[in-house]
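Readers should treat all values here as calculations from the given coordinates under stated rules, not as data from a laboratory. Predicted model, so just to flag it, every value in this text is computed and none were measured. Don't worry about glycine lacking a Cβ; one is built from the backbone with ideal geometry, like all the others, and counts go over all protein chains shown.
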Amino acid sequence: MMTGHCLCKAVDLRLTSHAGGVSACHCAMCRRWSGGATLCLEAPAADVTATGPVQVYRSSHFAERAFCGRCGTHLWIRDDDGDYDLMPGLFDAAAELPLLREIYTDRAFACMAFRGDHPRVPAAEHEAGHNHVEGSA
Ligand SMILES: [Zn+2]
Ligand SMILES: [Zn+2]
């Protein structure tokens, strides 16, 4: 069990399983939403419990982005009927998790250079196999 919460603690999160590491996305939408790269901790929908004033913004035709309606802390990105991509910073225990991969690496801010030997996937390669937003560059 991994527990977490937003800044104001009105939203409480509980995970009974997760990916065991975080991913980073440098796409234009993630940069705008988070101020830079967005980090995500993936967890199956059935293993995520969220309580509190969760607000959802429909950020594209296939996905939503959730945040606390009281303090604005970002909570997750989720494709329709898909897994949750949660903000790792919500969970104190996520501090020790490794970086598993980066996507949209060719769109990254110059100041965002992550260490390690993880896979680095450029936009065209990622978009060949996944839903994406037209013109997101
Ligand atoms: Zn909050
Ligand atoms: Zn993204």
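General remarks:
- Region 4-55: C-alpha gyration tensor shape, a/c 1.5 cut-off, then a/b vs b/c: oblate
- The residue list CYS68, SER23, THR51 was ranked by how far each Cα lies along the charge dipole of the chain toward its positive end, using unit charges on Cβ atoms, and CYS68 comes out on top.
- Dipole magnitude of region 2-127 about its Cα centre (Cβ charges: Lys, Arg +1; Asp, Glu -1), debye to nearest 20: 540
- Percent RCO, i.e. relative contact order, over the chain, from Cα pairs under 8 Å lying at least 6 residues apart: 26
- Options ALA108, CYS8, LEU90, ranked by Cα towards positive dipole end of region 2-127, top entry (Cβ charges): CYS8
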